[in-house]
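The values are calculated or read from the model by the stated rules, or taken from the named source; none is laboratory data. Since the structure is predicted, the reported quantities are computational estimates derived from the model, not experimental observations. Ideal geometry is used to build each Cβ from the backbone, glycine not excepted, and the neighbour counts take in all protein chains shown. These area figures cover heavy atoms from the full protein model, side chains too; ligands, DNA and RNA do not enter into them. Shrake-Rupley method; radii C 1.70, N 1.55, O 1.52, S 1.80 Å.
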Amino acid sequence: KMFDTCDDVSDDGSEFSGSVDGALPSSPPSPPASVLHLDVDYFYAQVEEIADPSLASVPLAIGQKHIIVTCNYAARAAGLTKLMGRAAAEAACPGLVVVEGSDLEKYRSASVDIYGAFRAAVASEAAAAGSHRCVCPARRGGMDEMCADMTAAVEAIWDAEMAGADRGGWRRPRAPFPAGTFVYGEDRHSSAVTVREDQSGAEATVSCGGGRAEGDGRRWYTRARSACGGRLRLAAEMAERVRGRVRSATGFTTSAGVSVSPMLAKLASDMQKPDGLAVLYPWRAPSLIANMPLRRIPGLGSATLKALTPCLQEYRGAQRKGDFWICRDLLLVPRAAIVSCLSERPSLRASSGRQCDLLLSRCAGIDPAPIEDDGGAPPATVSVEDSFVRGSVTSMDAVRRALDDLLPRLLRLLDRRLGGGAAAAPSRPAALRLTVREVDPAAAGGQRRPF
């Protein structure tokens, strides 16, 4: 799909709901947060390239049984994508090198090193801000993702500069963003991005038209935007230094996104891959998010989307084959209908109203979730998994053989955690859970569903 967001008009020609851009607030807002999201480039494949540098010059994919879970950019140039069937990938790229990646131990080990380097770099930025009270919480989002709230460090520098200017002292000129920074919508070269949802393959190219966004003439509104931009410049400088420290410590290249919330910073981190830095201003986010695949919203997985489908179909019409819902579709559904659909799921019945409001806020570009520091501790759970060609596991004997293969891997992970020094105390397992995902008859035709 391709969308042009210059005009706020719905795809059926009617005037678009104010829930995307909305009216301006009547008074100056509080200073926004400054959030950094870091994403390790083609993580599994990069682990293999660092272990064997000869792989960096060839099309490389990481396979898990019959699928390709990720690949390097040489392979992507040949048309490979994440979650592609292995046979199709090898047919599309005859020179493809496939490394089996079903055992995640080496990737988990690399992830621990990268996150440790990230936390050290963030702490260094907080210390350099000049305030002993400056704390920047950080958390891991997955093996190859992490984020940090740099607001305290940014505000410490910002306040010091403003105080110096108020006393008639020196205040440094507004510095440009670090070289090569992609600022979405600032000019015609940065006015279009492609937003992809990997699980479904849904992909939308969104254009905002470029150029500077105009305010409504209120002086405080113009100054608030200018101050937000200045703070995000400081955060972008920090992000570039964090990326450099992570690469020096671990050898991994990363892509960083900077914005005012974890969701927007994560979206920005996808805009300038690989080895890039991107900034997403909050006033450019609503129209971008309105036209991206709905599944990209945090907390909206396939089960939640399945629950929302009846009201989406009622108010937005039936989907065409291969089509997908976008965030704008959900914004145009009445809140009561969304709550009713969510209430049909037992796990959401008690919180359907709250979940509805959270989803609508995020679809409008507002993410209220704070970053709570995880202390650098390992994840609360450890897991191993495997996938199987359809029809290959048809008896309990086959299930037992599969479990016999998984158990030693799980025990090795537990042994490693129990020997993990300060993190060892809470590492003894309290529960063991076995999860089985059965084939959905709706997906048995071989095509992935569009959500």
With all protein chains in place and a 1.4 Å probe, Y115 shows an accessible area in Å² (nearest 10) of 0
With all protein chains present, how much of the accessible area of the range 226-337 (probe radius 1.4 Å) comes from carbon and sulfur, to the nearest whole percent? 48
Ranked highest first by average number of other Cβ atoms within 10 Å, how do 137-143, 51-57, 334-340 line up? 137-143, 334-340, 51-57
Ratio to report: Rg/Rh of the range 326-366, with Cα atoms as the point set and Rh obtained by the Kirkwood method; give two decimals. 0.97
If amide hydrogens are placed 1.01 Å from N in the peptide plane, which non-local residues have theirs closer than 5 Å to the one on I67? R86
Given pairs K82/K273; K82/K306; K82/K266 and cut-off 21 Å on Cα-Cα distance, the over-length ones are K82/K306
How much net charge surrounds R245 when only other residues with a Cβ under 12 Å from its Cβ are counted (Lys, Arg +1; Asp, Glu -1)? +2
How large is ³J(HN,Hα), in whole Hz, for each residue of the range 57-68 in order, when computed from phi with the Karplus curve 6.51 cos²θ - 1.76 cosθ + 1.60 and θ = phi - 60°, using x for Gly and Pro? 9, 10, x, 10, 10, 9, x, 10, 6, 9, 10, 9
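Rounded, prolate or oblate: which fits the range 79-128, taking a ≥ b ≥ c as square roots of the Cα gyration tensor eigenvalues, rounded meaning a/c under 1.5, else prolate when a/b beats b/c?
Prolate shape, in that a/c is at least 1.5 and a/b is the bigger ratio.
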Ordering F388, F43 by the accessible surface of their heavy atoms, 1.4 Å probe, largest first, yields F388, F43
So for M150, M84, what's the accessible-area order with a 1.4 Å probe, most first? M84, M150
If you count, for each residue, the other Cβ atoms within 10 Å and average over each peptide, how do 76-83, 62-69, 31-38, 151-158 line up from highest to lowest? 31-38, 151-158, 62-69, 76-83
